[in-house]
């Protein structure tokens with residue numbers, strides 16, 4: 001939401017800098033995203049050499065400079081430079097916000113805290129945009145002062161966050177302190193798909209509403225805010241639902257998003273159902289993201305955990321980038337190119353995936369999956385027994401052949417021995433000394 005914070009003032013900034021191109025104006029809300037991905041990995045690298053508290057404080061100072069700096073902008077070029085600084089700061093901060101939670105919390109408490117972090121992100125985004133919009137009524141410059149909320153975070157980090165060396169976070173084992181699991185990349189794919197689904201709302205909702213002949217910008221803002229409200233409640237309740245639902249948790253998150261998108265696609269003639277669908281979709285998204293981060297922190301440790309977080313953060317922005325492109329292409333390939341059709345396809349795809357996941361869980365839960373596994377095992381056992389019988393028959397046949405050969409060899413040996421005895425007697429008779437009396 002850091003880029004969208006000044007969205008209410010964009011039109012006034014365009015008026016203040018008439019020489020700026022539309023491309024430069026659009027960069028004000030998107031330029032930072034291009035820097036978040038590489039500097040997320042830089043953040044993971046820096047944690048190998050510096051305390052996380054130090055990195056976080058430096059990045060917060062940069063965030064304040066890059067955010068509030070727009071207030072002093074004499075030109076559009078200066079403003080874009082401040083957005084670059086802002087993007088670097090966000091890239092350094094986001095992985096730390098996850099890894100610090102994993103450093104100080106374990107088990108269900110970690111899941112709960114990650115959920116609270118997700119909830120705070122959604123709620124903070126709503127508050128920041130509202131505050132920025134109010135300040136923009138005074139002047140477009142004042143909208144940049146909304147970034148000043150980072151002073152509170154800087155104060156809390158300085159006084160309350162312990163300064164712990166990176167190597168102290170492990171168990172004293174250097175190899176364990178930098179462990180990284182390849183399954184993180186599977187989680188990254190899951191994260192990308194989650195944001196391809198979720199980001200279809202903020203990126204395309206205005207166009208979708210215009211297709212429904214709803215052009216009121218206030219309604220558009222309320223719908224997007226409702227999605228963030230759903231994300232807030234999803235993050236707040238993630239620990240509870242994960243504990244209660246156990247292995248059904250992930251399939252039901254997909255079910256939530258499937259229900260939400262289905263209501264948006266098929267019940268959009270009623271604005272109440274449209275808002276409710278967005279709320280449910282946001283709830284599914286808000287409870288999914290912290291679980292993905294939590295899963296990554298459980299299979300990694302130390303500085304490897306920082307790198308895993310950087311991979312997932314990159315996946316978030318990659319998913320945001322892919323979302324409008326993929327939904328647009330799907331609509332053009334299979335439909336009329338409208339946002340409505342892309343929402344319909346997304347709803348049907350989510351319903352299909354939800355049914356598959358629930359079916360798999362039900363098979364496992366009811367024991368059918370185990371029965372199928374046992375049936376397969378029994379069949380395999382029968383085949384093994386048949387193979388053993390055939391093998392034993394071949395062994396017996398070979399044993400009989402060996403026995404016949406040995407018998408034949410013994411008989412041949414006896415015959416050869418008889419011949420040798422006869423030759424020996426013959427030779428003994430011919431070699432007797434000559435007797436003169438004869």
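Of the residues making up region 230-256, not one is over 15 Å from residue 291 (Cα atoms) and either in contact with a strand residue (DSSP E or B) (Cβ under 8 Å, 6 or more places away or on another chain) or surrounded by fewer than 20 Cβ atoms within 10 Å (Cβ to Cβ) (or both). Look through region 338-374, keep the residues that are loosely packed, with under 13 Cβ neighbours inside 10 Å and modelled with pLDDT of 80 or more, and return whichever of them is farthest from residue 259 (Cα to Cα). Looking at the filtered set, the residue picked out is 359.
So, in region 66-122, of the ones that are at pLDDT 90 or above and not in a helix (DSSP H, G or I), which residue ends up surrounded by the fewest Cβ atoms within 10 Å (Cβ to Cβ)? So, considering only residues that are at pLDDT 90 or above and not in a helix (DSSP H, G or I), the one surrounded by the fewest Cβ atoms within 10 Å (Cβ to Cβ) is 74. Scanning region 327-357 for residues that are in contact with a helix residue (DSSP H, G or I) (Cβ under 6 Å, 6 or more places away or on another chain), under 22 Å from residue 274 (Cβ atoms) and in a helix (DSSP H, G or I) yields a count of 15.
The values are calculated or read from the model by the stated rules, or taken from the named source; none is laboratory data. Predicted model only: the values in this text are computed from it and were never measured. All Cβ positions, even for glycine, are placed from backbone atoms using ideal geometry, and neighbour counts span all protein chains on display.
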